[in-house]
Every structure is written in C-alpha cells, then in structure tokens.
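Structure first, commentary second.
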Amino acid sequence: MGKAQGAGMEYGRAGVPAAEQCQWLWTQRPACTVTAASSQCQRREATLVRVIVTGATGKMGRRVIDLVHADPEVELVGAITHRTHAALGRDAGAVAGIGPIGVVVEHDCTRTLSQADVIIDFSVPDAALAYIRLAAAHAKAMVVGTTGFTAAQHTEIRHLSQHMPCFMAPNMSVGVNVMLHVLGQLVTLLGPGYDIEILEAHHRTKVDAPSGTALRMAAVVAEARGNVLDDVAVYGRRGMIGRRSDTEIGIQVVRAGEIVGEHTVLFGGPGERLELVHRSQSRDTFASGALRAAKWMMQQPWGLYSMEDLLRLT
C-alpha cells in the first residue's frame, strides 16, 4: 500500500504517459481559497478541502460533519444517506446536532460530486463500495472508515485505487495505529511461549463482528509468528473444546450499551500476563483522523493508502 498504481502506453502532455498525466492533473487541480480575518490577526489565505460525507446520518457521519463544519480548512458540500432514511431533505447540521449549515441530506451524491475533492465514508460495505466505484469513475479521492468488507470486495477496491487516491483504515485513531505498529514487535520479543487472545468491545448497534481493528490486530500477530490468520484464528469458544493449541489466536467479541470501542491484546505466559489495551472515549478520535486523512490525500497520487502511510509507520 502507499505506492501510486496504474500505467499507460499513450502519451499526452510533454511526452508524459497518459496515466501519469492524469495524476499530474489531480495534484495540480485548481484550489478553492477563502480569506479569514479577525480583529486580532491579519487576513490570510487557506486552501479549502471540499468534502462529501457518506453515511452522514450514522454515529460517525454526524461527528465527521460536526468536525468538518468547525474546521476552517474543510468545507462540507454534500451529506449522503440511504434512500429511505427519515432525515432526507433535512439540514445536515441539524441532523448532526450543530444547527443549520446550509447543506441538505440527500440519497445520491452525483449532484454534488463535481464540487467535491474527497468523499469521507462511514457507511456499510455494499454502499461504501458503490461510492468507491463512483469516486474512481470521476477520479475523486476517497477516505473509507467502513469495515466488514469481504475478500472479494477488498480485491475490487485495490483495483479501483488504480484510478483514484483511496485511503482505507479499519480504525482512524492514531493511538490504535501506533498500537498496531508495536504489536508485531511485542509478539517477536515475547516469543512462542505466550498464548495470545484479542478481545474487542463496541456499542450494541455495531453490525459487523469481529471489528475490523480486531481482525487487523489478529493478522499482525499471525504474520509476526509466520502464520496465516485463517489457519490459526479461533472465533469464540463453547463446549468441550479440548486443550488450547500453541498457535491459535483467540478473538472474542462484546456488544453492549454505548461502548465507543475497546481493544485488548492479551499475552498469557508462564507465571505472568501482559495486556496491550486501547480504549476510545469519543468518536471524535476517529472523525479527526478521517479529516487528517482527507487533507493528506490532496497531495497523494493514485493508489491505496492506510494510516501507516499517513503516520509514516511503514
């Protein structure tokens, strides 16, 4: 991930391959600028990143809208939800609880797509994939926080990212991604004498399980041990299961109340237990990460990117 993709045989501007020319045009696109002034500071210019939020009526979408509206470097130009939602036609700011902001909730982003630089998506896999296809068709940047994609959907997304800049992360939290970075090192340092279990807890309305973050943690552990996750993952236990194998990675799920998100990697060794824990106390952690990614993507060529790329952890 993180490298520009795509190649072309035809040549355009100044002998540059057509695919590279398209990427050049992306990075050289006209900037929309605003002027901000106050009694305490001089007038200054700032480049606006124009955003469409898909999944705008969900828990995460509403927080993204709030933070976008509060950020002078970002402008909301569209708010999208599914075609049967009761909020259709209402002001997106009112739906998000911040008061009217002049952007109406719609079920189709084609009307506002030409105004946007980037789509930020926190929806469901099938809808998110449709938005990614649309973004690729119009060479728009995409920031995807949706989880629960199938292997086939991930393959299609990798292909689509050859035609647009696409950022995907199962978790937009900086803390979680630093935890992922050190997790593999911890597995290696502790060695094979420790059993590893991953526990995740989320609110009662989260529809996919295990969380994308828990699955990513399990994949990091498996890779650090030289295993394939599908061969060693154990999802919950019940009945006479027999003795635990040395290689298995247990993944346990809790869904209750309004838990924002908690992930624990437990290392059980001879005479001791070590736990690596991350607890999200606010969805703003993820929303601010998505905005940071959206701004960063304005400088990236076509390709597929992750939080590791943004944070330069690779």
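Per the conditions (1) farther than 30 Å from R204 by Cβ; (2) among the basic types (K, R); (3) in contact with a Ser or Thr (Cβ under 9 Å, 6 or more places away or on another chain), the sole criterion not satisfied by R255 is (1).
Condition check: crowded, with 21+ Cβ neighbours inside 10 Å, assigned to a helix (DSSP H, G or I), out of contact with any Lys or Arg (no Cβ under 7 Å at 6 or more places or on another chain) and of a type outside the set (D, E). Does A219 satisfy that?
Numbers: crowded, with 21+ Cβ neighbours inside 10 Å: no; assigned to a helix (DSSP H, G or I): yes; out of contact with any Lys or Arg (no Cβ under 7 Å at 6 or more places or on another chain): yes; of a type outside the set (D, E): yes.
So A219 fails the test.
Can you spot a residue in the range 88-109 that is under 15 Å from the mean Cα position of the chain (by Cα) and not in a strand (DSSP E or B)? Among the residues of the range 88-109, not one is under 15 Å from the mean Cα position of the chain (by Cα) and not in a strand (DSSP E or B), which makes the answer no.
Taking the criterion of being crowded, with 22+ Cβ neighbours inside 10 Å, among the hydrophobic types (A, V, I, L, M, F, W, C) and either part of a helix (DSSP H, G or I) or touching an Asp or Glu at 6+ places or on another chain (Cβ under 7 Å) (or both), the only residue of the range 162-178 that qualifies is V176. The single residue among S306, S280 that is modelled with pLDDT under 95, surrounded by 15 or more Cβ atoms within 10 Å (Cβ to Cβ) and closer than 24 Å to E197 by Cβ turns out to be S280.
The residues on offer are H181, H159, and the sole one that is touching a helix residue (DSSP H, G or I) at 6+ places or on another chain (Cβ under 8 Å) and either surrounded by fewer than 22 Cβ atoms within 10 Å (Cβ to Cβ) or in contact (Cβ under 8 Å) with a residue 12 or more places away in the chain (or both) is H181.
Annotation: of all residues in the range 48-76 being surrounded by fewer than 22 Cβ atoms within 10 Å (Cβ to Cβ) and without any contact (Cβ under 8 Å) to a residue 60 or more places away in the chain, the one that is farthest from G257 (Cα to Cα) is L48. Here G148 does not fit the description of being surrounded by fewer than 15 Cβ atoms within 10 Å (Cβ to Cβ) and in a loop (DSSP other than H, G, I, E, B).
Every residue, every condition in (1) β-branched (V, I, T); (2) more than 23 Å from D309 (Cα to Cα), yes or no:
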{"position": "S114", "(1), (2)": "no, yes"}
{"position": "D117", "(1), (2)": "no, no"}
{"position": "A135", "(1), (2)": "no, no"}
{"position": "R158", "(1), (2)": "no, no"}
{"position": "H163", "(1), (2)": "no, no"}
{"position": "F167", "(1), (2)": "no, no"}
{"position": "V174", "(1), (2)": "yes, no"}
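Here A151 fulfils each of the conditions (1) out of contact with any helix residue (DSSP H, G or I) (no Cβ under 6 Å at 6 or more places or on another chain); (2) at pLDDT 95 or above; (3) under 30 Å from D230 (Cα atoms) apart from (2). Taken over the range 107-134, the criterion of being of a type in the set (D, E, K, R) and either surrounded by fewer than 17 Cβ atoms within 10 Å (Cβ to Cβ) or in contact with a Leu (Cβ under 7 Å, 6 or more places away or on another chain) (or both) is satisfied by D108, R111, D126, R133.
The values are calculated or read from the model by the stated rules, or taken from the named source; none is laboratory data. Please read all numbers here as calculations on a predicted model, not as lab measurements. Virtual Cβ from ideal backbone geometry, glycine too; neighbours counted across all protein chains shown.
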